[in-house]
1. In the stretch A:64-97, how many residues are within 14 Å of chain B (Cβ to nearest Cβ) and of a type in the set (Ser, Thr, Tyr)?
2. Which residues, taken from the stretch B:277-294, are outside any helix (DSSP H, G or I) and of a type in the set (Ser, Thr, Tyr)?
3. So for the stretch A:378-400 (the condition being of a type in the set (S, T, N, Q), surrounded by fewer than 22 Cβ atoms within 10 Å (Cβ to Cβ) and farther than 17 Å from A:Thr119 by Cα), does at least one residue qualify?
4. Looking only at the stretch A:15-44, filter to residues that are within 13 Å of another protein chain (Cβ to nearest Cβ) and within 30 Å of A:Phe135 (Cβ to Cβ); which one of those is nearest to the chain's Cα centre (by Cα)?
5. Answer with yes or no whether B:Pro245 is away from chain A (no Cβ under 14 Å) and over 24 Å from the mean Cα position of the chain (by Cα).
6. Mind counting the residues in the stretch A:99-117 that are buried (at least 20 other Cβ atoms within 10 Å of the Cβ) and either in contact (Cβ under 8 Å) with a residue 60 or more places away in the chain or hydroxyl-bearing (Ser, Thr, Tyr) (or both)?
7. Return the residue satisfying two criteria in turn: it lies in the stretch B:234-250 and is of a type outside the set (A, V, I, L, M, F, W, C) and part of a loop (DSSP other than H, G, I, E, B), and of such residues it is surrounded by the most Cβ atoms within 10 Å (Cβ to Cβ).
8. Could you tell me which residue of the stretch A:163-217 is surrounded by the fewest Cβ atoms within 10 Å (Cβ to Cβ), considering only residues that are of a type in the set (Ser, Thr, Tyr) and within 18 Å of A:Gly290 (Cα to Cα)?
Amino acid sequence: MNNYKDTPELSARMHSPLMERIVELKENFYAEAGKYDYAPKDLADAMDNFDRVLELTGSVCDEVIAPNAESVDREGSHCSGGRVQYSQGTAQNLKVMHQAGLSGFGLPRQYGGLNMPVTVFSAVCEMISRADASFQNVWGLQSCADTINEFGSPEQKEKYLKMASNGATMSMDLTEPDAGSDLQSVMLKATEDVENGCWRLNGVKRFITNGDSDIHLVLARSEEGTTDGRGLSLFIYDKRNGGVNVRRIEDKMGIHGSPTCELVFNNARAELCGDRRLGLIKYVMALMNGARLGIATQSVGIQDAAWREAVAYAAERRQFGRNIDTFPAVYQMLAVMKAKIEASRSLLYETSRYVDIYKSLDAISKTRTLTPEERQESKRYSRLADALTPISKGMTSEFANQNAYDCIQIHGGSGFMRDYACERLYRDARITSIYEGTTQLQVVAALRYVTSGVYSQYVKDMLATLPDSESKTAISAMVEKLDAMTAHVLDQKDTEVNDFCGRRLMESAAYCVMSTLLLRDSIETPDLFDKSLKVFLDYSRSQVEGHYSVVMSWTPESMEYYK
Amino acid sequence: MTVQNAPFCQIPQKVKGSIIRIFATPMEKFNIIVLAKQVPDTRQVGKDAMNADGTINRAALPAVFNPEDLNALEQALAIKDRFPGSTVTMLTMGPERAKEIVMEGVYRGADGGYLLTDRLFAGADTLATSYALSTAIRKIGKFDIIIGGRQAIDGDTAQVGPQVAEKLGLNQITYVEEILDMDSKSVTVKRVITGGVETVKAPLPCLLTVNGSAAPCRPRNARLLMGRKNYDVPAWTVADVNADPAKCGLSGSPTKVKKIENIVFQAKESKRYGADEKEIAALIEELATNHIIG
């Protein structure tokens with residue numbers, strides 16, 4: 001078995017028509033062919049490379065990471081003397097992933113990276129998460145290096161990107177005891193040390209995933225006397241310089257392999273990354289979008305793992321003289337779980353592709369002036385990626401929780417015991433809808449695209465390119481309801497009403513977008529996706545119609561019952 | 001199996017307690033040949049694993065890199081890591097698809113390799129196989145150390161490595177678990193023996209066979225999977241390695257399989273002993289007679 005080879009639904013997502021454009025941009029029109037033996041010379045060569053790397057990852061997941069998952073969960077990480085020790089399994093996973101050459105995954109080849117597109121990175125993260133969601137945090141955080149690649153100085157890139165390609169682990173130190181969702185309140189103090197040509201960091205960070213990593217990106221207050229986001233800058237801390245200790249690690253409900261640290265900065269030497277004052281408003285925003293997509297990959301991996309556990313159990317468990325997967329109540333649940341996975345993948349990989357296009361164009365724009373068409377293209381995909389990221393993160397993480405819940409339900413009483421993987425999946429899933437912005441914050445981020453009609457127009461534009469079908473008609477009907485709900489809410493001219501109805505609007509928009517993308521994937525590969533499309537449409541319709549009936553009868557007075 | 005070349009072996013003085021690994025200064029470079037075999041994965045035996053005549057149904061089992069040859073490859077790659085500039089050359093014999101074994105080695109860090117393939121090589125027992133391999137090694141020419149797995153999971157003979165050493169007149173160390181030290185003249189290894197390990201030093205060039213308890217092989221590497229995918233594995237025939245066709249394949253194989261039997265242990269073959277002293281004494285005597293204990 002191999003986590004990639006046994007998932008044709010995943011490889012199908014790698015063969016989107018958009019890949020041709022993604023690869024030529026990411027490869028800067030194959031400028032490095034011949035310069036590096038592993039740089040592709042054309043699209044077919046690149047696609048073959050992706051397939052090889054994904055197959056390799058699949059075998060590492062199957063042979064090393066998945067078998068370690070249970071012991072990693074039981075053992076967890078340890079903290080002593082200010083340092084974190086990974087569980088044995090996590091340490092082995094890291095070693096093998098590095099030996100497999102998968103460090104520096106998206107980084108340019110000149111810094112030792114593999115120069116892989118985000119779309120392929122997402123697939124790798126999904127597979128790792130299916131094998132062990134907690135390991136995705138430790139390994140996936142290497143994508144913090146992208147922020148240094150985008151905004152760091154040439155010297156910083158030379159130093160830190162090469163370290164990352166050599167297997168250095170990373171973390172992003174944002175949260176503080178009094179600054180969680182509200183990062184503008186970050187207080188960790190950064191003081192310029194002119195004499196030594198560096199900055200000094202003092203204060204405390206909390207809930208830092210993989211907080212004893214080799215390279216930290218730290219959000220800190222560099223402008224004395226400020227209290228908002230405009231006084232914050234981003235810093236790079238190299239663990240070898242010392243000055244940051246782990247005070248404790250959290251005793252968590254799930255993802256035990258991923259150490260969650262409380263960090264004490266004691267005059268820690270650090271470098272400024274990019275410009276002062278842009279820490280939160282520019283760099284962390286970019287970092288967070290990447291991190292949110294990362295959680296979407298983790299969520300899809302958990303969804304898939306939960307579905308497989310449920311399918312396997314239901315096929316073996318006999319009650320009333322039959323395998324339980326022959327009962328409508330059970331096979332219906334299994335089908336809905338699968339449909340959620342496929343709808344999630346359609347959205348996740350489409351979002352990843354948009355990110356690839358605009359980020360690659362950004363990278364090219366640093367070497368030459370973009371043509372007006374390219375600028376237009378970059379703007380379009382950047383906007384779409386921004387719009388799709390919050391619904392990707394929001395919906396996939398909620399689905400991960402739902403699939404983990406249903407997985408236990410299908411296991412019955414056995415699922416409540418620690419003998420089966422489903423209870424670990426249930427605990428691991430729970431954090432996905434909380435960290436890197438709760439679902440409620442994803443709603444806030446998505447709402448402006450609902451009210452400005454971006455999702456609705458996006459769906460209509462895409463439907464216009466697809467042949468007529470019952471499914472298309474069903475989606476069109478859902479979009480009409482979305483438009484009507486949006487108009488009704490906007491008519492109230494009250495921002496509290498907007499926020500109050502936000503979750504219902506965001507979900508309705510997401511069902512329209514996900515159904516449309518799954519319809520398109522199903523037209524390309526009907527064998528794989530047709531059933532899931534039909535099931536997801538049933539599920540989406542029931543959800544959207546439910547939201548519609550409630551939202552349309554709402555007035556500002558309705559909110560009073562909830563207070 | 002015992003140490004074949006005992007007169008050449010030296011046991012280092014300090015073997016008690018932890019072994020302090022003092023490697024040679026990394027100025028040395030070694031040419032290493034790894035012997036590897038593509039085998040049916042007998043760990044995945046299903047109902048149709050055997051043919052009616054008692055031979056292995058190779059079509060029903062996936063072809064894999066023989067597990068202990070992977071342990072051997074890891075030892076070779078570790079030498080290359082330690083002594084940059086060293087080379088690792090894969091050598092295998094089999095049908096055309098056995099090129100996969102060379103590629104697997106290349107994707108893990110080997111520099112290249114050769115496939116011995118020819119209808120005249122087919123049907124070889126361990127004697128003919130070791131002859132063929134030794135001719136190929138002579139053709140490769142330059143080497144300091146040859147490393148192979150202890151045995152293949154299809155035949156389980158553990159004979160090919162030692163026979164290759166004999167044919168080439170080399171020292172050999174079997175059951176190797178770890179290479180502890182190397183310099184331009186010798187290699188020191190830890191080898192597994194019943195009830196423990198021993199440390200053995202042998203002059204170079206020599207041949208090692210590696211035990212399954214040695215370090216597992218590193219995975220394939222992404223950069224190599226992409227960068228070396230077009231490596232064209234050279235294939236050698238009997239004529240290419242100047243081998244005597246009479247000593248190759250079936251005609252060079254004195255081993256004749258008479259019969260293969262499927263042994264099923266049954267409860268009726270068991271003996272029962274009571275709990276009194278006499279019965280226990282009889283049990284102990286029986287076990288001692290069969291060399292199960294004592």
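The values are calculated or read from the model by the stated rules, or taken from the named source; none is laboratory data. Just so we're clear, the structure is a prediction, and the values are computed from it rather than from any experiment. Neighbour counts are summed over all protein chains in view; Cβ atoms, including those assigned to glycine, are modelled from backbone coordinates with ideal geometry.
1. Taking the stretch A:64-97 first, the residues within 14 Å of chain B (Cβ to nearest Cβ) are A:64-65, A:67-68, A:92-97.
Of the ones still in play, those that are also of a type in the set (Ser, Thr, Tyr) are none.
Qualifying residue count for the region: 0.
2. Here is the first cut: in the stretch B:277-294, the residues outside any helix (DSSP H, G or I) are B:290-294.
Correct list: empty.
3. From the stretch A:378-400, those of a type in the set (S, T, N, Q) are A:378, A:382, A:389, A:392, A:396-397; that's our starting set.
Next, only the ones that are surrounded by fewer than 22 Cβ atoms within 10 Å (Cβ to Cβ) stay: A:378, A:382.
Now drop any that are not farther than 17 Å from A:Thr119 by Cα, which leaves none.
Looking for residues that are of a type in the set (S, T, N, Q), surrounded by fewer than 22 Cβ atoms within 10 Å (Cβ to Cβ) and farther than 17 Å from A:Thr119 by Cα, one finds none in the stretch A:378-400, hence no.
4. Within the stretch A:15-44, the first condition is being within 13 Å of another protein chain (Cβ to nearest Cβ), and the residues that meet it are A:27, A:32-41, A:44.
Filter once more, keeping what is within 30 Å of A:Phe135 (Cβ to Cβ): A:27, A:36-40.
Working: A:Glu27: 23, A:Tyr36: 30, A:Asp37: 31, A:Tyr38: 27, A:Ala39: 27, A:Pro40: 27 Å.
Only one residue fits best here, namely A:Glu27.
5. Working: away from chain A (no Cβ under 14 Å): yes; over 24 Å from the mean Cα position of the chain (by Cα): yes.
The answer is yes for B:Pro245.
6. Adding up the residues that qualify gives 7.
7. Step one: of the stretch B:234-250, the residues of a type outside the set (A, V, I, L, M, F, W, C) are B:234, B:237, B:240, B:242, B:244-245, B:247, B:249.
Then drop every residue that is not part of a loop (DSSP other than H, G, I, E, B), which leaves B:234, B:237, B:240, B:242, B:244, B:249.
Values: B:Pro234: 12, B:Thr237: 13, B:Asp240: 16, B:Asn242: 10, B:Asp244: 11, B:Gly249: 22.
Once the filter is applied, the top-ranked residue is B:Gly249.
8. Step one: filter the stretch A:163-217 for residues of a type in the set (Ser, Thr, Tyr), giving A:165, A:169, A:171, A:175, A:181, A:185, A:191, A:209, A:213.
When the remaining residues are screened for being within 18 Å of A:Gly290 (Cα to Cα), the result is A:169, A:171, A:175, A:181, A:209.
Working: A:Thr169: 22, A:Ser171: 26, A:Thr175: 19, A:Ser181: 12, A:Thr209: 25.
Of everything passing the filter in the stretch A:163-217, A:Ser181 is surrounded by the fewest Cβ atoms within 10 Å (Cβ to Cβ).
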